[in-house]
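Notes for the one structure printed next.
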Amino acid sequence: MVMADAAVEKTGTAWRAAGGDRRSTRTLRLRTSAALLTVTVLAVLLVPPLVQLDQQAVDLAAKLRAPDWAHPFGTDDVGRDLLLRCVYGLRVSLLVGVAAALTATVVGTAVGAAAGAFGGWVDRGVMRVVDALSSVPHLLMGIFIVAMFRPGVWPVVASVALTHWLSTARIVRAEVLSLRARPHIDAAVSGGASRWRVTVRHLLPGVLPQAALAAVLMVPHAMWHESALSFLGLGLPTHTASLGNLIQEARGSLLAGQWWPTLFPGLFIIVPTLAVAGLAGAWRERINPRRRSELML
Amino acid sequence: MLELLTVTAGYDRRAPVFRDVSLSVAPGEAVGLLGPSGCGKSTLARVAALLHRPDAGALHLDGTPVRHWRHRAPRALRTAFGVVFQQPRLAADPRLTLADLVAEPLRATGRRDEAAGRVAELAAGVGLTADLLTRRPHEVSDGQLQRACLARALVLRPRWLVCDEMTAMLDASTTAALVRVVEDYRAGTGAGLLAVGHDRVLLDRWCDRTVDWASLNSPAEH
């Protein structure tokens with residue numbers, strides 16, 4: 001009896017301790033992500049209007065300076081301050097990322113909901129088009145789209161958005177299909193609701209959490225694509241500071257041993273990505289604790 | 001007259017749930033349908049309520065064959081059926097309050113103005129208090145939610161009621177209360193009833209006529 005009690009107590013304690021550790025790890029991740037994202041967004045929003053410095057100011061005497069107190073991130077090959085360039089670059093990349101993710105989510109939700117709500121031939125037709133488009137590499141199709149327009153921010157947004165709504169459409173369609181089979185949809189049909197009303201009032205609100213999560217996770221993804229397009233010289237015009245452009249310009253100096261012009265823009269891509277992934281992971285755990293183990297990020 | 005004539009239905013054309021089932025319900029008549037689990041009686045109820053298109057066979061409503069199901073069916077025809085499902089949890093949109101749940105068919109058919117009066121009247125009929133009407137499905141019990149689902153089925157004054165195991169999840173007193181509400185409604189309007197269930201005692205007492213699933217068809221071979 002005493003031994004059993006001791007065993008229960010022991011396992012109970014062990015279990016609690018393990019649970020406590022897990023919880024604190026999760027809280028730490030959540031807090032770190034939130035803090036990093038807040039700092040990034042504040043920097044992007046506040047630095048340009050508050051700091052009256054010209055990110056394009058050229059100082060050939062100070063070119064390719066290693067990081068020091070005057071230039072915490074160093075300078076590039078024409079002596080521009082890299083910290084300022086990175087903040088401006090992140091501003092552009094984040095704008096492209098958010099705009100593209102929002103557009104992709106709206107398009108994907110509309111297409112996925114239509115396919116799921118109509119079902120039958122409409123569903124099969126639409127999803128085969130989605131499959132066909134998915135089979136083309138995103139970057140290739142993105143290049144094709146930007147190539148049709150003059151370089152600028154909006155062609156890049158269009159290029160990323162039009163290649164990334166496919167996964168959202170799939171997620172939304174799957175959710176709509178599973179909701180559609182539930183009796184409350186039967187009840188709505190029997191109550192005289194039109195197809196539109198069933199979709200907008202009963203199906204879409206049920207898929208919104210998933211769609212919102214997909215949208216948030218797509219922001220960093222869209223930023224990578226913007227950077228990739230700019231790195232290839234196909235995205236934003238070269239005078240616009242964007243993270244991709246900064247890395248592209250710094251390629252030459254990397255070979256000469258100057259690590260800072262590529263490292264810092266790279267970090268500016270990686271840090272917000274991890275922060276968004278951390279927050280989205282915490283959110284997903286909250287809306288659906290059972291899928292915790294499937295969390296990939 | 002609601003007539004199902006040699007209906008074959010299921011979710012896969014190659015393996016229907018049942019074949020060649022015929023059943024008819026006269027106006028004002030209450031027919032109980034008894035059958036074991038998984039025999040297809042719920043599917044038959046969905047076919048009868050225009051919610052599931054059969055693979056073969058015909059459904060005649062007052063002598064006119066029905067050609068379309070679900071959204072393709074004319075609204076007036078769809079709303080002629082009030083349907084109550086077995087599991088109120090699944091049959092209620094989790095985001096709507098019970099008042100909105102009951103009023104939803106009126107809103108969907110553009111009769112928003114009648115909603116307040118009709119909901120109050122039905123709530124009193126099925127025994128839902130004003131406090132319960134402001135709650136969402138997860139804040140009420142199964143019995144209370146099923147009362148709201150019954151009120152929703154009656155809100156458009158259907159000519160036919162289809163109750164698919166309406167009382168399977170409920171205790172005896174709630175069962176009695178809901179059956180009484182259905183019978184009061186039928187006495188007032190002369191609506192026909194198809195009650196599906198597996199409780200022979202209940203269906204025998206409730207309905208004018210009880211039919212056994214086995215007497216309706218030749219079951220699908222597998």
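No value in this document is a laboratory result; all are computed from the given coordinates. Keep in mind the model is a prediction, meaning the values are calculated, not measured. Here Cβ is always computed from backbone atoms with ideal geometry, including for glycine, and neighbour counts include all displayed protein chains.
The set of residues from segment A:180-204 being more than 7 Å from every other protein chain (Cβ to nearest Cβ) and in contact (Cβ under 8 Å) with a residue 40 or more places away in the chain comprises A:R180, A:V198, A:T199, A:L203, A:L204.
If you check A:V207, A:V176, A:V216 for being among the aliphatic types (A, V, I, L, M) and surrounded by fewer than 21 Cβ atoms within 10 Å (Cβ to Cβ), only one passes: A:V216.
Could you say whether any residue in segment B:124-147 is out of contact with any helix residue (DSSP H, G or I) (no Cβ under 9 Å at 6 or more places or on another chain) and charged (D, E, K, R)? Yes, because at least one residue in segment B:124-147 is out of contact with any helix residue (DSSP H, G or I) (no Cβ under 9 Å at 6 or more places or on another chain) and charged (D, E, K, R).
Residue-level check: of (1) over 16 Å from the mean Cα position of the chain (by Cα); (2) part of a helix (DSSP H, G or I), A:G235 misses just (2). Considering only residues that are among the hydrophobic types (A, V, I, L, M, F, W, C) and in a loop (DSSP other than H, G, I, E, B), look in segment A:142-188 and name the one that is nearest to B:R89 (Cα to Cα). Selected residue: A:A181. From the list A:A161, A:A99, A:A147, the one residue that fits, being small (G, A, S) and farther than 30 Å from A:A43 by Cβ, is A:A147. The residue list A:V207, A:V160, A:V172 contains one member that is β-branched (V, I, T) and within 14 Å of chain B (Cβ to nearest Cβ), which is A:V207.
Okay, residues lined up against (1) closer than 15 Å to B:A30 by Cβ; (2) in contact with a Lys or Arg (Cβ under 8 Å, 6 or more places away or on another chain):
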{"residue": "B:P137", "(1), (2)": "no, yes"}
{"residue": "B:R152", "(1), (2)": "no, no"}
{"residue": "B:L156", "(1), (2)": "no, no"}
{"residue": "B:W160", "(1), (2)": "yes, no"}
{"residue": "B:M166", "(1), (2)": "yes, no"}
{"residue": "B:A172", "(1), (2)": "no, no"}
{"residue": "B:A176", "(1), (2)": "no, no"}
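Among the residues of segment B:53-106, those identified as closer than 19 Å to B:M166 by Cβ, more than 8 Å from every other protein chain (Cβ to nearest Cβ) and part of a helix (DSSP H, G or I) are B:P88, B:R89, B:L98, B:L101, B:V102.
Applying the set (1) more than 14 Å from chain A (Cβ to nearest Cβ); (2) in contact with a helix residue (DSSP H, G or I) (Cβ under 6 Å, 6 or more places away or on another chain); (3) buried (at least 21 other Cβ atoms within 10 Å of the Cβ) to B:G35 leaves exactly one unmet item: (3). Of the helices (runs of 4 or more DSSP H) lying entirely inside segment B:137-222, those carrying at least 2 residues that are within 14 Å of chain A (Cβ to nearest Cβ), free of Cβ contacts under 8 Å to residues at least 60 places away in the same chain and surrounded by 22 or more Cβ atoms within 10 Å (Cβ to Cβ) are B:142-154.
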